[in-house]
Amino acid sequence: MSAFPHSINITVPRRSFTLTKLLILPAFVLFSLLWTTQAYAGFAEGQTAFDKKDYAAALKQWKPLAEKGDASAQLRMGDLYLRGQGVARDPAQAAMWYTRAAKKGVPLAQYNLGSLYEDGVGVDRDSAQAFHWYRQAGLQELAKAQNKVADMYARGLGVEQDDVQAVAWYRRAVVQGLADAEVGLGFMYVHGSGVSQDYAQAASLFRKAAEQDLPFAQNMLGYMYAEGLGVQQDYEQALAWRTKAAGQDLPEAEYDLGQMHEKGQGVPVDYVKAVQWYRRAAAQGFAPAQQELDRFSNK
């Protein structure tokens with residue numbers, strides 16, 4: 001007998017298998033495209049509802065998507081549970097949803113999860129886990145996560161203290177214009193931590209952050225002017241920047257303005273105004289201001 005029948009037996013299944021793959025592949029692709037389109041539409045509807053503050057409707061749209069593995073929807077589910085929007089507030093549920101999205105590489109979910117671990121909200125406080133998730137987000141160039149990584153290196157929280165690494169991470173966030181990182185890096189230059197001490201660089205960084213209306217930076221720039229560090233001493237400039245910060249209720253700035261009015265720095269000596277500023281700072285629980293008030297009351 002010839003080998004022809006054997007050739008038929010072998011060839012036919014191969015052709016059938018190939019045909020089956022050709023038939024199945026377009027159906028799978030079509031299903032994937034259909035799911036993607038439906039998921040996008042559902043997410044968009046949820047966002048529209050959220051923007052209208054109809055959180056229950058947003059939850060209705062996002063939850064099915066999140067349960068099917070949509071990372072963006074998982075992030076938003078974490079947000080809803082953390083804030084108690086459209087559902088009872090449940091930080092543990094928020095942590096669960098953030099974890100799912102974080103493991104899929106969503107930087108905001110990684111950052112939020114890091115925050116929960118840092119503060120012990122919905123999970124046990126764990127600085128090492130906080131550092132890990134902040135770093136994962138920072139590696140994806142999320143500026144506020146890079147600033148957190150820098151802070152933790154500077155303080156030795158969740159990781160071995162390392163000023164050089166802190167400076168490197170602050171710089172990554174500074175490149176993106178993050179005001180908090182400009183302040184952090186400014187302090188590194190003030191203290192000469194991880195870099196050579198450079199008051200001019202510090203003042204420049206504080207100014208950049210102050211111009212973004214960050215009150216702590218405004219007060220620090222005021223300090224640099226008052227002390228003549230990195231800039232020419234100028235009490236009028238010190239007064240102006242501290243006043244901006246005090247306008248945002250920063251107690252340190254209110255206290256410093258009290259000091260300037262008491263000592264006549266850039267303004268005439270005025271004990272009444274000094275006490276007024278001390279009172280504002282003390283009302284926010286700023287202990288040095290209360291000590292000054294106690295001193296005045298004992299005169």
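Here are the numbers for the structure shown:
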| read-out | value |
| --- | --- |
| Where labels lie 7 Å past Cα in the beta-carbon direction, separation of VAL267 and GLN140 in nm | 4.7 nm |
| The chain - percent of accessible surface contributed by carbon and sulfur, probe 1.4 Å | 54 percent |
| Label-point gap, in nm, between ARG279 and ASP51 - each point 7 angstrom along Cα→Cβ | 4.7 nm |
| Cβ-based charge dipole, the chain, positive-most Cα from GLN276, MET224, GLY69 | GLY69 |
| Lysines with Cα under 26 Å of LYS63, excluding same-chain neighbours fewer than 8 positions away | LYS52, LYS53, LYS103, LYS104 |
| Furthest towards positive pole of dipole, GLY138, GLN165, ALA92, structure part the stretch 37-185, Cβ charges | ALA92 |
| Simple Cβ-charge dipole of the stretch 38-158, Lys/Arg +1 and Asp/Glu -1, about Cα centre, in debye nearest 20 | 80 debye |
| Alpha-carbon radius of gyration plus Dmax, which is the widest Cα pair, for the chain in Å | 29.2, 124 |
| Length gained when the stretch GLU236-SER193 is fully extended (0.36 nm per residue, less Cα-Cα span) | 12.5 nm |
| Computed helical MRE - 222 nm, the chain, DSSP H runs ≥ 4 contributing -39500 (n - 2.57), nearest 500 | -24500 deg cm²/dmol |
| Calculated FRET efficiency for the pair GLN161/ASP249, C-beta based, R₀ 25 Å, to 0.05 | 0.20 |
| Computed lengthening from ALA41 to ALA92, 0.36 nm per intervening residue step minus Cα-Cα distance | 15.5 nm |
| Mean separation of Cα contacts under 8 Å, 6 or more apart, over the residue count of the stretch 188-259: relative contact order % | 22 percent |
| Rounded, prolate or oblate (a/c below 1.5 giving rounded, otherwise prolate when a/b exceeds b/c) for the stretch 146-299 by Cα gyration tensor | prolate |
| Relative contact order (%) - criterion: Cα under 8 Å, at least six apart; region: the chain | 6 percent |
| Debye, to nearest 20: dipole size of the chain, +1 on Lys, Arg Cβ, -1 on Asp, Glu Cβ | 1560 debye |
| Distance from the stretch 59-100 to the stretch 224-255 (C-alpha centre basis), Å | 43 Å |
| Distance in nm between pseudo-label sites at LYS104 and ARG171 (7 Å out along the Cβ direction from Cα) | 3.6 nm |
| Cα-based reach from LYS263 at 18 Å (exclusive), listing aspartates and glutamates while leaving out same-chain residues under 8 positions away | GLU227, ASP234, GLU236, GLU252, GLU254, GLU292, ASP294 |
| Global geometry of the stretch 160-202, whether rounded, prolate or oblate, following the gyration tensor of its Cα atoms and the 1.5 cut on a/c | oblate |
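The values are calculated or read from the model by the stated rules, or taken from the named source; none is laboratory data. As the structure is a prediction and not an experimental result, all values here were calculated from the model. Here the Cβ is made from the backbone with ideal geometry for all residues, glycine too, and neighbour counts use every protein chain on show. The protein model used for the area step is the full one, side chains on, heavy atoms only, and it has no ligands, DNA or RNA in it. Shrake-Rupley method; radii C 1.70, N 1.55, O 1.52, S 1.80 Å.
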